[in-house]
Structures are given as C-alpha cells and as structure tokens.
C-alpha cells in the first residue's frame, strides 16, 4: 500500500469526520512530518502522536524512519527522560527564577533549551510555597497591567454590546460566552474592576435577580471572615473563577455577587487576602 493509501486507511480506522479533525491534520505533509519528529523528541508516544494526526502507530513509526529518526522503545524513552531531567536539573535555578516571574513552562523551556516535561518536573520537585506565592504575585501584577488597557467606559460599552446582541439583560455567563466572539474585554477583567452587577447598572440596565436562595445574611464582616477562612483552608488566594465554583457548592461561603456587593470587586479581595497569606 502506498504512503497516501496507508494514511487514508488510518483515517478510516479512526472514523473521524473532517469537521472534527485536529488542527494538525490540516498541515502540509512536510509540516506534519516535522511536527511528528518534534513531538517524538518531546517524548510523546507513537500512539499519542498518531491520535493528533489521525494516523496509526505503525504509520507514525514509518514517518519517523523516513526522516531518519529511530523510534524510541519504552526502555529507551525512560533513559532519554532521565537524561532530559538531569539536563533540566542543571538549570534548576534558572527554571525556578523564570517560573517565579510568571513565565509559562513552554516558554521558559524553549528559552533555556530544556524539555517542557522536564522543566515541569523540576518545578514540581523544587518549587517552594514562597516560589508559588511569588509566581501568583507576578501573574496578578501582569493581569493588573493588562486591565489598564481598557477604561471603565469601554467595559460598560462591552456589557451594553452583549445586551444589544442578546436583546435582553445579559448574565455573567452570557457575557463569557460572547466576549471572545465579539472581541470584547474578558469577563474576569469586568469582575475585578467593577463587579458584574455594577457594570450592568452602569450600562443602564437592571441586573438580573439571583436564582440562589440564601439561608443567612452576609454583612461585610461575615464575608471577610468566610474569605479568610477559605484562604487558611486552601493555602492560596483563589482566582475569581475558582471562588465562584467553590461558593456555588458551599453554604458557608457567600456567593460571588454577595462578596462584590458587600466588600467590593475581586481585586480588593485579592489584595487583602494576599497580604494576610504573606503575613501568615
């Protein structure tokens, strides 16, 4: 069977419709083969590579052989993984320094010339709680810097744009769903800067009533007590999305909308809780 025929057979075995193909399938053959070699060097198995390109394990092996690359067996992969980890460990300080500064694992790995999985392993083995706190601070500072690209007026206009698209007052979930499609500021940016209800009101709309039933009254003091208890429990300051998920399933936490109404936007919460955590 020809190479082309083999690939068609592989597609039939997988049975994927064209609309569901991975983006890699749309690469030219040369681009695909180079990407297969790169993924193999990053220690993906033949099966994992094959799934990305809708190819069989044997076809991936053939492509590697055609490129002059000898597929690594399970034992060989173990030895190669150990070599890459040793190489990454030699650059432990540089990896941790860049990780504390907020760099993504993939980016710092490319910069230092180490395997991404090995770099992640170094972080898993050697990053301390202080390193994690420094990374969160760097990421929060980066997020705050990006927030300044939009004025409050632009955020309000974004809420209004979603309302016009829907023909009704949008919920926060509506905004999340349409923000990327309409190239609007992210929902967390609005949450942190203004709070969702305040942004809706600023757009000249009436916030939708909450569907949550409350069994207790939350004043600002009770909110802070609950939030500080959560930080003590988790050991870190949750993101606004993480808190929203937690609060929906717990009666001992105020809802995210209640927090915003009682104590302010999530940026205010984050600063106070981070200060408490740093002093713990």
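Summary of computed values
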| item | result |
| --- | --- |
| Scope region 154-195; condition at pLDDT 85 or above and under 17 Å from residue 266 (Cα atoms); matching residues | 155 |
| Listing of helices (runs of 4 or more DSSP H) fully contained in region 158-274 that carry 3 or more residues being in contact (Cβ under 8 Å) with a residue 24 or more places away in the chain and buried (at least 16 other Cβ atoms within 10 Å of the Cβ) | 187-193, 196-202, 220-234, 256-263 |
| Residue list for region 62-80, restricted to those being assigned to a loop (DSSP other than H, G, I, E, B) and at pLDDT below 65 | 72, 73 |
| Residue 105 under 30 Å from residue 231 (Cβ atoms), surrounded by 14 or more Cβ atoms within 10 Å (Cβ to Cβ) and within 26 Å of the chain's Cα centre (by Cα) | yes |
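The values are calculated or read from the model by the stated rules, or taken from the named source; none is laboratory data. These numbers were taken from a predicted model, which means no experiment stands behind them. Cβ atoms come from the backbone with ideal geometry, glycine included; neighbour counts cover every protein chain shown.
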